[in-house]
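The values are calculated or read from the model by the stated rules, or taken from the named source; none is laboratory data. Here the structure is a predicted model, which is why all the values come from computation and not from measurement. Here Cβ is always computed from backbone atoms with ideal geometry, including for glycine, and neighbour counts include all displayed protein chains. Ligands, DNA and RNA are stripped out before the accessible areas are found, and what is left, the full protein with its side chains, is counted by its heavy atoms. Shrake-Rupley method; radii C 1.70, N 1.55, O 1.52, S 1.80 Å.
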Amino acid sequence: MFKHVIVRRPGRSLVEGITSANLGKPDYARALQQHDSYIDALKSRGVTVKILEADEQFPDSVFVEDTAVLAERCAIITNPGAPSRQGEEVSIREALKEFYTAIETITAPGTLEGGDVMRVGDHFYVGLSARTNEEGCRQFTGILNKYRYTASAVKLEKFLHLKTGLAYLENNNLLAAGEFIQHEEFKKFNRIIIAESEGYAANCIWVNDAVLVPMDYPKTKAAISKAGYNVVEVDVSEFKKLDGGLSCLSLRF
Ligand code: GLY
């Protein structure tokens, strides 16, 4: 179960964030409202939410998940692979000092973004992507091993991040989309297949026995409900415009 969540308020510079989505620029006022609702949805699951101030220097800094990977025995500060995002992790390290004494770091030439990391028990899957390279994965695995965790790499073909197309919902249940549906690595899970028309909805988050699901993906919502979960819908349309999803907007630990 998660006790804590860290989020960062979106800054006005959000509209300059990286995107491949072709959905236009986010509306800042709406993004703030959606961020409020996201925080409320998290709080409804019994976690405390630490809210960091907006960091205008970094347009994508609302997507805090990419800056750290958090486990019980250590926190790992990443080195984001997108050049415009390098430096976002500095203030996250400061924020994490309140919660962790063991804080490790991925360093250049290694790059790694938290969106490429999916935890299943004490094992961490690491997506090798345009943002996370082999050296980043090598360093990350070494750090995890030191704290008695394991890791394995998964090469990405099309997705931005590993968790763009996968979400682990505990109890061996895994949401899978696109290139991951038939991936050998994930066949051992009870896969809940995301319809091609709802690909964005693969990025859901399990939070204390409920699943936060993006608004307006009825097939995904029905499939997750059928698997026995409480579903909490959250509208994140303005973050979708920047390729961001529900997991990207928080660090949960
Ligand atoms: N816009 C989120 C990212 O590309 O990192």
| said: What's the total number of residues in region 40-63 that are within 11 Å of the ligand (Cβ to nearest atom) and closer than 28 Å to A151 by Cα? | reply: 4
| query | Could you give every pair whose Cβ atoms fall below 7 Å, whose first residue belongs to region 232-247 and is within 16 Å of V64 (Cβ to Cβ) and of a type in the set (V, I, T), and whose second residue is near the ligand (Cβ under 10 Å from one of its atoms) and open to solvent by less than 10 Å² (accessible area, probe 1.4 Å), counting only separations of at least 6 or pairs across chains? | reply | V236/G245
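Of these, D243, D216, which one is within 16 Å of the ligand (Cβ to nearest atom), open to solvent by 40 Å² or more (accessible area, probe 1.4 Å) and not in a strand (DSSP E or B)? Walk me through it before giving the result.
On the way: D216 fails: within 16 Å of the ligand (Cβ to nearest atom).
One residue alone meets the criteria, D243.
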| Selection status of G121, open to solvent by less than 30 Å² (accessible area, probe 1.4 Å) and at pLDDT 95 or above | no
| query | Within region 106-117, can you find the residues that are over 23 Å from E53 (Cα atoms) and either among the β-branched types (V, I, T) or in contact with a Cys (Cβ under 9 Å, 6 or more places away or on another chain) (or both)? | reply | I106, T107, G110, T111, L112, D116, V117
| request: Find the residue count for region 161-190, including only residues that are more than 19 Å from G228 (Cα to Cα) and buried (at least 22 other Cβ atoms within 10 Å of the Cβ). | output: 7
| request: Give the residues of region 75-92 that are open to solvent by less than 40 Å² (accessible area, probe 1.4 Å) and either within 16 Å of the ligand (Cβ to nearest atom) or over 20 Å from V207 (Cα atoms) (or both), sorted by residue number. | output: I76, I77, T78, N79, P80, G81, A82, R85, G87, E88, E89, I92
| note | Among residues of region 219-240 being open to solvent by 10 Å² or more (accessible area, probe 1.4 Å) and among the polar types (S, T, N, Q), the residue nearest to the ligand (Cβ to nearest atom) is S237
| Has region 97-118 got at least one residue that is open to solvent by 70 Å² or more (accessible area, probe 1.4 Å), more than 16 Å from the ligand (Cβ to nearest atom) and under 18 Å from the mean Cα position of the chain (by Cα)? | no
